Amino acid sequence: MANRYINKFYDPSDTTQVTLYTVPSDARAIVQNVQLVNESGSKTFKVFITDSSASTTYQVAYASISGPTTCNMAKGPLILEESDVLLLQTTDTTGITAAVSILEFDRT
């Protein structure tokens, strides 16, 4: 079994839900941190997880933030199973970015 630490970065080009990470079919993952930076203005930011076994997308975090500010959207670990998807969405594409820290472990 291999453990890998992964960083994924979010720099939106539109305001729709963006797939940031999909768990490989032979792995599981723990999202440890969703570090959000808003440089200025007021924005809304949302985090979603698609549960592949239920074919359903759930909103797991929401913040209405004014900048400049930095916040962690994951208030605790988010456990992702095989083929689950992590999605992010914001109401504005200017001056907002995120870095996501993930621990991925597979069964190979």
**Study point:** Candidate set from the range 74-94 (those that are over 16 Å from residue 18 (Cα atoms) and touching a Lys or Arg at 6+ places or on another chain (Cβ under 8 Å)); member that is surrounded by the fewest Cβ atoms within 10 Å (Cβ to Cβ)
**Key:** 79
Point to revise | Matching residues in the range 18-50 - criterion: being farther than 17 Å from residue 83 by Cα and in contact (Cβ under 8 Å) with a residue 60 or more places away in the chain | key: 32, 33, 34, 35, 36, 37
Study note, to complete from the structure: Within the range 58-84, residues touching a Phe, Trp or Tyr at 6+ places or on another chain (Cβ under 7 Å) and farther than 17 Å from residue 37 by Cα come out as 58, 59, 60
Review point. Out of all the residues in the range 64-73, is one or more in a loop (DSSP other than H, G, I, E, B), of a type outside the set (Lys, Arg) and surrounded by 13 or more Cβ atoms within 10 Å (Cβ to Cβ)?
Key: yes
Review point. With respect to residue 43, is the statement that it is outside any loop (DSSP other than H, G, I, E, B), among the charged types (D, E, K, R) and touching a Gly at 6+ places or on another chain (Cβ under 8 Å) true?
Key: yes
Review point. Of the residues that make up the range 67-89, is at least one among the basic types (Lys, Arg) and closer than 19 Å to residue 9 by Cα?
Key: yes
Review point. Do we find a residue being among the aliphatic types (A, V, I, L, M), assigned to a loop (DSSP other than H, G, I, E, B) and in contact with a Lys or Arg (Cβ under 8 Å, 6 or more places away or on another chain) anywhere in the range 1-13?
Key: yes
Practice item. Would you point out which residue out of 39, 104 is crowded, with 16+ Cβ neighbours inside 10 Å and acidic (Asp, Glu)? Key: 104
Point to revise | Filtered residues of the range 17-36 (kept if within 10 Å of the chain's Cα centre (by Cα), surrounded by fewer than 19 Cβ atoms within 10 Å (Cβ to Cβ) and within 19 Å of residue 95 (Cα to Cα)) | key: 18, 35
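None of the figures in this text is laboratory data; all of them are computed from the coordinates on show. Just so it is clear, the structure is predicted and the values come from calculations on it, not from any experiment. Quick reminder, even Gly has a Cβ in these numbers, built from the backbone with ideal geometry, and neighbours come from all protein chains shown.
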